Each structure stands twice: as C-alpha cells, then as structure tokens.
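The values are calculated or read from the model by the stated rules, or taken from the named source; none is laboratory data. Just so you know, these numbers come straight off a predicted model, no measurement behind them. Quick reminder, even Gly has a Cβ in these numbers, built from the backbone with ideal geometry, and neighbours come from all protein chains shown. Quick note on the areas: whole protein, heavy atoms, side chains included, nothing else; ligands and nucleic acids left out. Shrake-Rupley method; radii C 1.70, N 1.55, O 1.52, S 1.80 Å.
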Amino acid sequence: MNISATDLRLSEEQLAAFHRDGFLHLPALTTPEEVASLRTVYDQLFARGSAAFADGDHLELGKVDESGQETLPQILNPEKYAPELVDIQARVNALAVARQLLGDEAMPAGDHAISKPPAHGAPTPWHQDEAYWSPAYDHTAISVWMPLQEATMQNGCMQFVPGSHRSGVVPHELVDPDAHALQVADPITDDVERVAVPLPAGGCTIHHCRTLHYAGANTSDGTRRAYIMGFLIPATPRDRPHHYPWQRPEWGN
Ligand code: NI
C-alpha cells in the first residue's frame with residue numbers, strides 16, 4: 001500500500017483546528033514498510049557515536065547520566081549522513097501538508113532525530129521552537145514529528161498547550177549550563193490545559209513554531225525514536241530584534 005501526498009488533503013476542520021490550537025495529528029504520514037526501513041537507518045546513525053558527525057550535528061540535549069549514558073541525544077541534518085533519507089515518501093507527504101498549512105512557498109527547513117533511550121531517556125522540557133531561532137526575525141514554521149514506533153505516555157509522546165502559538169515567545173532558559181536544550185523559565189502550572197497525543201508508528205504530530213510542547217521521559221523498555229522534519233516560509237526581518245538572552249553564542253543567531 002502507498003500513501004501519496006494527494007491522500008493527505010487536510011479537511012476544513014483540520015485546517016481550522018491547526019490555526020485554533022497550533023497543532024494537529026495525522027494517523028499515517030507514511031507506510032509501515034517505510035517506517036521499518038527508516039528505523040534501521042536511524043539505529044545505525046545513532047550507533048555511530050558523536051565522533052562521526054560534524055561539529056554541532058550531534059548534540060546532547062539533556063545530561064549525560066552517572067553511568068556515562070546520554071539521556072537525550074539528537075542528530076541534526078541526519079540526511080547528510082544517511083543519503084537514503086533524502087527521498088523518503090514521508091518528507092514528500094509532510095511537504096504537501098506544510099503547503100496546505102503555510103502556503104505554496106513552504107519549503108523544507110531541515111530534519112533532526114531525537115532518540116530517547118529505554119528507561120533513562122529524559123523528558124523534553126516545555127518549550128517553543130522559535131526560542132532557539134534568530135531574534136532578528138519573525139518566523140513562520142512548523143515541525144512534523146514522526147515516531148518510528150508507537151509513541152505513548154510511557155515512552156514520551158508529544159504534549160501541547162492548545163492556543164499557545166497565538167502569543168509571542170515567552171522567556172526561556174537553558175535546562176542546564178552544559179546542555180543545549182531550553183525550557184520555559186516559568187513552569188507550566190497544573191491549571192493550564194495540555195493535550196497528550198499518543199501516535200502509531202509512522203503517524204505524526206504537526207506543530208507551529210510558537211506552540212508550547214513537551215515530551216515525557218521514556219520509562220518503557222524500548223528506545224523512543226522521533227524523526228522530525230521542519231518546514232518554513234521565509235522569515236521576516238524585524239525593525240527591532242527580540243531579546244533572547246537564553247541563547248548560546250555557538251548557535252550563531
Ligand atoms: Ni521543539
């Protein structure tokens with residue numbers, strides 16, 4: 001069975017839900033066959049270790065734990081190291097969805113892969129993606145987050161604060177002085193509505209770059225693999241830049 005881009009025509013309800021809530025999910029972005037082959041490529045990439053990657057393309061988002069194991073390893077631009085990732089149907093389909101949400105000028109903005117090791121994979125803290133980006137621009141972008149196995153509450157599925165994309169970027173801070181991950185400076189309190197989105201393998205969530213999101217720790221006995229594809233329309237320069245003092249200088253913003 002194939003899933004073509006034309007199969008992923010969003011309904012009026014889905015488009016309205018994305019603009020209202022700042023996120024959406026689809027039960028199948030690609031086929032089980034492609035998910036199985038992506039899983040193999042993905043595991044081979046993470047098995048190579050950080051030395052196999054250019055500076056900045058293999059980052060520890062969390063902390064290395066007491067036993068020396070990474071808790072939230074990320075690979076940026078994985079398609080540079082595994083060219084078989086360039087032509088995947090999942091990206092063709094994700095781009096088709098991005099154009100329905102952002103307009104025809106939407107284009108790929110790069111992929112990344114975040115692995116959550118079994119039993120000790122750290123939570124991805126609450127954050128807005130735009131908090132990582134250049135404060136000199138206003139950004140319009142989405143991330144398509146596709147798990148390569150089922151994503152559950154136990155292994156760290158995505159969670160969102162509905163409507164949070166409609167306000168600006170809130171203050172963030174580094175989770176740890178040595179880490180490359182940001183978290184919101186003011187914790188999300190229990191009275192704030194949040195929606196967890198479990199998914200089958202090869203499904204996806206889609207979120208706006210200002211939507212507050214989080215993924216829990218991996219307490220299951222299997223790796224939680226997420227493959228994330230970004231899409232954007234060209235950013236608009238601001239007359240007065242935002243002030244994002246939490247950013248690290250080596251991010252080059
Ligand atoms: Ni994010």
List the residues whose amide H sits under 5 Å from the amide H of residue 214, counting only those 5 or more places along or on another chain, with H placed 1.01 Å from N in the peptide plane. 159
On the formula 1/(1 + (r/R0)^6), with r taken between the Cβ atoms of residue 173 and residue 54 and R0 of 25 Å, the FRET efficiency rounded to 0.05 is 0.35
Per DSSP H run of at least 4 residues, take -39500 (n - 2.57); add these up for the chain, divide by its residues and hand me the 222 nm value, nearest 500 deg cm²/dmol. -5000 deg cm²/dmol
For residue 84 and residue 166, what is the calculated FRET efficiency with R₀ set at 41 Å and r taken between the beta-carbons, to the nearest 0.05? 0.60
Selected from 102, 153, 232, residue furthest toward positive end of dipole (the chain; charges at beta carbon): 102
Taking a crude spin-label model, label points 7 Å out from Cα along the C-beta direction, the residue 195 to residue 246 distance in nm is 2.3
Using the Karplus equation 6.51 cos²θ - 1.76 cosθ + 1.60 (θ = phi - 60°), what ³J(HN,Hα) coupling, rounded to whole Hz, does each residue of region 89-99 give in order, writing x for Gly and Pro? 5, 4, 6, 4, 5, 5, 5, 4, 5, 4, 5
Could you size up the charge dipole of region 23-144 around its Cα centre, putting +1 on the beta carbon of Lys and Arg and -1 on that of Asp and Glu, and report it in debye to the nearest 20? 200
How do 240, 224, 194, 248 rank by accessible surface area computed with a 1.4 Å probe, from largest to smallest? 240, 194, 248, 224
Carbon and sulfur %, accessible surface of the chain computed with the full protein complex present, 1.4 Å: 53
Among 109-117, 14-22, how do they line up from the highest to the lowest mean number of other beta-carbon atoms within 10 Å? 109-117, 14-22
By its C-alpha gyration tensor, with a ≥ b ≥ c as the square roots of the eigenvalues, how is region 75-161 shaped: rounded for a/c under 1.5, else prolate for a/b larger than b/c, else oblate? oblate
Heavy atoms of the protein only, probe of 1.4 Å, neighbouring chains included. What is the accessible area of residue 92 in Å², nearest 10? 70
What is the packing order of peptides 154-162, 128-136, taking the mean over residues of other C-beta atoms within 10 Å and listing the highest first? 154-162, 128-136
Using a 7 Å offset from the Cα along the Cα-to-Cβ direction at both residue 154 and residue 138, what is the distance between the two label points in nm, to one decimal? 4.6
How high is the relative contact order of the chain, in percent, counting Cα pairs under 8 Å that sit 6 or more residues apart? 30
Set the Förster radius R0 to 22 Å, insert the Cβ-Cβ distance between residue 253 and residue 20 as r into 1/(1 + (r/R0)^6), and round the FRET efficiency to 0.05. 0.15
If the only charges are +1 at each Lys and Arg Cβ and -1 at each Asp and Glu Cβ, what is the size of the charge dipole of the chain around the Cα centre, to the nearest 20 debye? 280
Using only Cα atoms, locate the centre of region 155-180 and the centre of region 226-253, then give the distance between them in Å, rounded to an integer. 14
Computed over the chain, protein heavy atoms only, probe 1.4 angstrom, the accessible area per residue in square angstrom equals 47
For a quick check: with amide H placed at 1.01 Å from N, whose amide H comes under 5 Å from residue 28's, ignoring anything fewer than 5 positions away on the same chain? 204
